[in-house]
Amino acid sequence: MGVKAALPRYELYFYNVVLCMAMLWAARWISDVSNSNSNRKTFKTSVQTGWYYSGRKMDAADVEWMMWFSTFREHIIFALSGHVIFAKICTLLAPQYRSLVFMVYGMLAVFTSMGWAYVTLILSHCVLLYSISLVKLRWLCFAAGLTTLATFKMEPFISWQAGFVIGSFELRPLLFYGGCGFTIMRCLSFALENCERKDGNYSILELLKYNFYLPFFYFGPIMTFDKFYIQANNPTLTRKDGEMWNISIQALLNLGVIIIVAVILHFMYILTIPSDMKLLKHISDWALVGLAYLNLVYDWVKAAVMFGVINTVSRLDHLDPPKPPKCITMLYVFSETHFDRGINDFLCNYVYNYLGGKHDNVLDELIASLCTFGITALWLGPSWVVFIWAFLNCFGLNFELWTAKFFTMEPFISIEMAISESMSRRIRAVFNTFNFWTIVLYNVLALNSLEFAKLVAMRLFLKGEVLVISERFKCILKTKRFYITVITML
């Protein structure tokens, strides 16, 4: 009963139409701001020359997006295409050795792009954590893994390890930290799975096969070792009916989304505008809130496309990678708020579910969530913004549990059982409105800046036609954005 209950189809159509109209209205404001301020001084570094035939400049503030689909597009396509070709040849000739071919090609690609010293550094971390995994103590594996991860987040260890990469090129920092960070997490997954194995130990060769799988090496997503080991060593390479057709459709869909995003970045500078606080103070509430919302939608689309490209390659290798993240429009609870399902699965398997059990005890849930967000903060890189984001999300996750337990008490449970399922969903949507916008604000904080998040919060909650009426311990919020948010909840 409740949030999973279906609403009438015509009602859902109405909500979707209103939501689309609201987003188009906000997008019109953002487009006008982008057109009238394209020559501002603050835009010169991030707004660059776009497509020649468009006659417009393009928002190039997102280095990661530009790297994938503009600056180093040819290099990435070449590396992944080579992987697909060699993997297909091996699958046809000697499928029992395909995981070994994955490893060899991955090591050669890493060696070509970063040099032998970097490969040696990666191997040293693999050997270290493999040796510790032989002791089969979970706490020791966690301590070693997190300590090793911390060496890439603090000086002087960062500079010392970065010195292993010879030469200088634009992509070097991103490849260095991406490869090292994901290597530590994969080694930690391997170590924890080795602790759970009752008969003997996994070989270090299995760890190297797991770590040097090229599609996942630099940018993820993280696929836990237990899943990768079973799938990569599966001798039966058969596909379900229509699977290749679905893979092809997914590849074309990713290509279409890439083109659509590129077009949008030519007309709406949604990534650059949040950095200009002087400009933001003069735009309307609609434009500001729409800008914050579109920033989150863009980040979801970027993650979905980047992981979608990687997932397409890995599905060709008969693997079942983590699914793309859940769209921000579909989020209304903190327990489902994640942009990287690989990291989310890793933390749930080894930390959150392990410590939280059935998640029905308040103290266990608090300890599990604190440990989970502590590791997340270390993974993202300790900073005040990350700490604030982690604290607020941790509080939101626990507050949901406390609220859920409270409303399972009488008379609330009897009231919900007495009403229809669809009405229960509508009521939950109203109460989840504040929850939704706190999720938006917390992630705006992580993606943009503290100043931008504060400005959005001030405009959203303290301005913008907010009228609070107290009537028998109830509050009715009369705002345009409130109604639109209720619609997204439904």
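Here's how it looks for Met58: its modeled amide H is under 5 Å from those of Gln48, Thr49, Gly50, which are all 5 or more places away or on a different chain.
What is the percent of Cα-Cα separations in the chain that go past 32 Å? Here the long-distance tail beyond 32 Å is 49 percent of all Cα pairs in the chain. Taking the alpha-carbon centroid of each part, what is the distance from the range 408-450 to the range 296-327 in angstrom? If we compute the Cα centre of each part, the gap is 28 Å.
With 26 Å as the limit on Cα-Cα distance, the pairs of Lys44/Lys278; Lys88/Lys326; Lys153/Lys227 that go past it are Lys88/Lys326; Lys153/Lys227. So, counting K/R as plus one and D/E as minus one, what does the shell of residues with Cβ under 13 Å around Val101 add up to? Residues close to Val101 contribute a combined charge of +2.
What the phi angles of the range 316-326 give under the Karplus curve with 6.51, -1.76 and 1.60, with θ = phi - 60°, is a coupling list of 5, 8, 6, 10, 10, x, x, 6, x, x, 7 Hz, glycine and proline written as x.
Other residues lying with their Cβ under 15 Å from the Cβ of Gln250 contribute a combined charge of +1, Lys and Arg counting +1, Asp and Glu -1. Phi angles of the range 249-262 translate, via the Karplus equation with coefficients 6.51, -1.76, 1.60 and θ = phi - 60°, into HN-Hα couplings of 4, 5, 5, 5, 5, 4, 4, x, 5, 4, 5, 5, 4, 4 Hz per residue; Gly and Pro are given as x. Here the Karplus curve 6.51 cos²θ - 1.76 cosθ + 1.60, taken at θ = phi - 60°, turns the phi angles of the range 437-447 into couplings of 6, 5, 4, 4, 5, 5, 7, 4, 4, 6, 8 Hz, with x standing for Gly and Pro. Thr49 sits among other residues whose Cβ lies under 11 Å from its own Cβ, and their net charge, with Lys and Arg +1 and Asp and Glu -1, is +2.
None of the figures in this text is laboratory data; all of them are computed from the coordinates on show. None of these values were measured; they are calculated from a predicted model. Glycine gets a Cβ as well: all are built from the backbone with ideal geometry, and neighbour counts include every protein chain shown.
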